[in-house]
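Each remark here refers to the structure printed beneath this line.
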Amino acid sequence: MGFGDLKSASGLKVLNDFLSDRSYIEGYVPSQADVAVFEAISSPPSADLCHALRWYNHIKSYRDQKNSLPGVKKPLGQYGPAGVADSTSGSAPASKDDDDDDIDLFGSDDEDDAEAARLKEERLAEYAAKKAKKPALIAKSSILLDVKPWDDETDMAKLEECVRSIQMDGLLWGQSKLVPVGYGIKKLQISCVVEDDKVGTDVLEEHITAFEDYVQSMDVAAFNKI
């Protein structure tokens, strides 16, 4: 077992492939196995090694808690895929007494911070580009209108013809029916779908009541956002 030479591009490639379907070196939580492999790496993986870089930045965030992570550090040759031998130089685990003298790869690293910032900017730019390509969501509403005539002698077919003659961008007429209201009078109940930014109920009322020879009034019977 092992990753080859973790200080080389080929070793980091093995690590990247190993982490393609794993979050950690062992198990489902950060452990001393992750610390051991992290400390063997001399620099962050390149951006094209996305799985290794994601893992590297994640484990780096545990720099203040690394000694409290579960497990016991083992030689690098006991981690990684089978059939690959460890050849990382200086990979022998350091004793606990030597920890204070070792270089702490979990400490502040300007290069690591710059790389993380660059990746963040790239991802934000990619997200913005994808979002810009998506068509803007058009807010629409379904409206049911009650159009009342003057009396029972009003030509309701002509009234409906007048209403449907109203054409504007963002307006689509739907089904209609005549509903009795009493004394032989029927009202026109007609549905429509409108784009909220282009057509409002006040505009519809203004246009419909303009047919004053046929229309006494208009009311909104139902209004639902789509």
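The values are calculated or read from the model by the stated rules, or taken from the named source; none is laboratory data. In this text the structure is predicted, and so the values were computed from the model without any measurement. A quick note on method: Cβ atoms are made from the backbone with ideal geometry, for glycine too, and the neighbour counts reach across all protein chains shown. Each accessible area value is taken on the protein alone, full model and side chains, heavy atoms only, with ligands, DNA and RNA left out. Shrake-Rupley method; radii C 1.70, N 1.55, O 1.52, S 1.80 Å.
Summary table below
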| item | result |
| --- | --- |
| Count - residues of region 25-54 that are without any contact (Cβ under 8 Å) to a residue 40 or more places away in the chain and under 16 Å from LEU119 (Cα atoms) | 7 |
| Candidate set: region 123-166, residues that are free of Cβ contacts under 8 Å to residues at least 24 places away in the same chain and assigned to a loop (DSSP other than H, G, I, E, B); chosen: the one least open to solvent (accessible area, probe 1.4 Å) | SER165 |
| Residue satisfying all of: in region 178-219; under 16 Å from TRP150 (Cβ atoms) and of a type in the set (Lys, Arg); surrounded by the most Cβ atoms within 10 Å (Cβ to Cβ) among these | LYS187 |
| Considering residues of region 105-122 that are among the charged types (D, E, K, R) and open to solvent by 60 Å² or more (accessible area, probe 1.4 Å) only, the residue modelled with the lowest pLDDT | ASP110 |
| Qualifying positions in region 178-217 - of a type in the set (A, V, I, L, M), assigned to a strand (DSSP E or B) and under 14 Å from MET156 (Cα atoms) | LEU178, VAL179, VAL181, ILE185, LEU188, ILE190, VAL215 |
